[in-house]
Every structure is written in structure tokens, then in C-alpha cells.
Amino acid sequence: MTVKQLNTDEFAPCYLPYIAMVGDIDLIEELEISVHRLIRFVQDIPIDKFDYRYAEGKWTIKDILQHLIDAERIFSYRALRFSRNDPSPLLSFEEDDYAVQAQANNRSIKDLLTELAVVRQATLSLYSSFNEEELLRMGTASNNKMSVRALGFVIVGHQNHHQKVFQERYLGELTE
């Protein structure tokens, strides 16, 4: 399944920027490939950049990695609930509150990247288990309707978005 197969009623407009950041590639393949691409990218970042904030109140690269881990867990949980036809509306999460509580800056990059890889492996296992009917199932989270398959593309697009942020706002002078 690819992004082109999604219908606009499978996700809220606020997720379109993330979904648009996913190429026309099979979701399972992109879930597997994209995490390796991000890990290699992060491993090439100079060590002094991991705790850097490009502006007051902005997250560090470590904070963003933890945010990616937390968000993927939440999106995968939503996908599981929706795939099982759970009709219960799910609440949103406040990413800034999570970032403060996670204290990612007290962790090593190695630990964060290992956790990211493990979480992605769990996401891959989950998505590989879904059949076509389950992928099309819908649920409600943050007061928005969302399909299981759209959540998978959001996971990848969200990661791609933050990798672009790394390049533009954290490493801009290194890539010019």
C-alpha cells in the first residue's frame, strides 16, 4: 500500500504535511528503510550538536529523538486499537509535557537510537500483521477520524519532517 491509495477522509488535514513527506513507496518497506536512514543520519551529526537548541525554548536533537519514539508508540497504539475495531475515542497527548518528563538530554544518543530501532521493529511487526480490512479500519483520536494505514504513513512522515528540521535548523551551517 502506498500514499496514493489513501483517501482524504482517512486523516485530518493537520496530518497532510506529514503524509506529503512520504514518497510513493510501500508502507512496510518505508517503515523499515526510513528508520535506518534516520539512524545513519543522526550518527553522522557532530557530538556537540546533540544538546544544541537553535532558539530559546526549542528542543535539542535528543529531545526530538525521544519525541519521535513517544509519538511512534502512541500512533502505533492508536493503530492497534483501531485495527481491533475499538470504538473508544482516544485522547491527544501534549508533546511538550512529554518532552519535559522524558528528560532525553540525560540519555546517550546510543540509547535513544537503540530505543528508536526497537520501537520501529515493534511497529513493523504490528503493521506486518494487519490484513487489508484492518488497515482500512477507522478510529477517533484527538477528535479526528483516522485509518490504520494513514497512521502508518504519519509515523514515517513525522520522522521525515523532523529529519528535515535537523538539517535546516540544527545543521544548516554544516550542510552549506
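Might you let me know whether the stretch 65-78 holds any residue that is in contact (Cβ under 8 Å) with a residue 40 or more places away in the chain, more than 30 Å from Pro46 (Cβ to Cβ), surrounded by fewer than 20 Cβ atoms within 10 Å (Cβ to Cβ) and of a type outside the set (Phe, Trp, Tyr)? Within the stretch 65-78, none of the residues are in contact (Cβ under 8 Å) with a residue 40 or more places away in the chain, more than 30 Å from Pro46 (Cβ to Cβ), surrounded by fewer than 20 Cβ atoms within 10 Å (Cβ to Cβ) and of a type outside the set (Phe, Trp, Tyr).
The set of residues from the stretch 21-70 being of a type in the set (Ser, Thr, Tyr) and either in contact with a Leu (Cβ under 6 Å, 6 or more places away or on another chain) or outside any loop (DSSP other than H, G, I, E, B) (or both) comprises just one member, Ser34. Criterion first (among the β-branched types (Val, Ile, Thr), surrounded by 11 or more Cβ atoms within 10 Å (Cβ to Cβ) and assigned to a helix (DSSP H, G or I)) does Thr123 satisfy it? Judged against the criteria, Thr123 is a match. Can you name the residue in the stretch 120-176 that is without any contact (Cβ under 8 Å) to a residue 12 or more places away in the chain and hydroxyl-bearing (Ser, Thr, Tyr) and, of all such residues, is farthest from Ile39 (Cα to Cα)? Looking at the filtered set, the residue picked out is Ser129.
Per the conditions (1) without any contact (Cβ under 8 Å) to a residue 60 or more places away in the chain; (2) open to solvent by 50 Å² or more (accessible area, probe 1.4 Å), the sole criterion not satisfied by Ala102 is (2).
Of all residues in the stretch 54-63, those being surrounded by fewer than 14 Cβ atoms within 10 Å (Cβ to Cβ) and within 16 Å of Asp111 (Cα to Cα) number 0. Identify all residues within the stretch 130-143 that are open to solvent by less than 70 Å² (accessible area, probe 1.4 Å) and in a helix (DSSP H, G or I); write none if there are none. The answer is Glu134, Leu135. Residues that are open to solvent by less than 100 Å² (accessible area, probe 1.4 Å) and over 19 Å from Glu115 (Cβ atoms) were ranked within the stretch 39-53; the one that is farthest from the chain's Cα centre (by Cα) is Pro46.
Note on the stretch 76-99: residues that are farther than 23 Å from Arg169 by Cβ, in a helix (DSSP H, G or I) and of a type outside the set (Lys, Arg) total 6.
The values are calculated or read from the model by the stated rules, or taken from the named source; none is laboratory data. Keep in mind the model is a prediction, meaning the values are calculated, not measured. Neighbour counts run over all protein chains shown; Cβ positions are idealised from the backbone, glycine included. These area figures cover heavy atoms from the full protein model, side chains too; ligands, DNA and RNA do not enter into them. Shrake-Rupley method; radii C 1.70, N 1.55, O 1.52, S 1.80 Å.
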